[in-house]
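The values are calculated or read from the model by the stated rules, or taken from the named source; none is laboratory data. Because the structure is a prediction, the values reported are computed rather than measured. Neighbour counts run over all protein chains shown; Cβ positions are idealised from the backbone, glycine included.
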Amino acid sequence: MNEQNSRKKINIFKIICVTLALIITLYCIASLVIMVAADDPLPMPLGFGSAVVLTGSMEPTLSVNDLIFFAKSGEYNVGDIVVYSTGGIPIVHRVVQADMQSGVIVTRGDANNTDDDPISVARIKGKLFFSLPFVGAIPRFVRTVPGLIMVLLILFALLFVSVRGMTADNERSDKAEELLQEIERLKKELDGYGDNDSENDKKE
């Protein structure tokens, strides 16, 4: 029973991993479609977006190839790290001046000595709320056509292996159950023969 429970837990873990990978892949597909169709370098298909830090202008807070996640905000204050694009290139800098009444924001990289050109609030895609160090190279590759094809192939392979493994485990469990039932049947038959022998001995 313990072995069967362990196998079930492993299968559940595999299914969860494949499901999460599938969700991430679908998100990347949606982002890639929006990026191409709408010519938007920073798509936000689910109300939030992700980007990869391309330069060291935010060192030491953020490094090259850090993966960041951002969401739209109704207000941006001094000190917030925001994301916007310039010429199709995502810019991840900190707000150093914010005038929400006029709708003008001034940003600067933590490692830079000069401010960026002022931009309107409408150009800001969102505010940073989470980052993963040094894993941005993966989604950069996934968002390319070859990378997306490779990830899809890997996902289908994992799904096939997981389903096949579950089927094999179920077959083994069924055979083990049948074997236990056969052993139990033989045991009862042997007990029956033993009882008959005892009765015959008493009659003699």
Name every residue in the range 76-93 that is modelled with pLDDT of 90 or more and more than 25 Å from the chain's Cα centre (by Cα), in order of residue number. Y76, N77, V78, G79, D80, H93
Matching residues, the range 77-119, being in contact (Cβ under 8 Å) with a residue 40 or more places away in the chain and either β-branched (V, I, T) or within 17 Å of G49 (Cα to Cα) (or both): D80, I81, V82, V83, Y84, S85, G88, I89, P90, V92
Test of understanding: among V121, V151, V163, which residue is assigned by TED's automatic domain parsing to the domain that holds S73 and either modelled with pLDDT of 90 or more or out of contact with any Pro (no Cβ under 6 Å at 6 or more places or on another chain) (or both)? V121
Could you check the range 87-110 and list, in sequence order, the residues that are closer than 10 Å to V121 by Cα and assigned to a strand (DSSP E or B)? A98, D99, V104, I105, V106
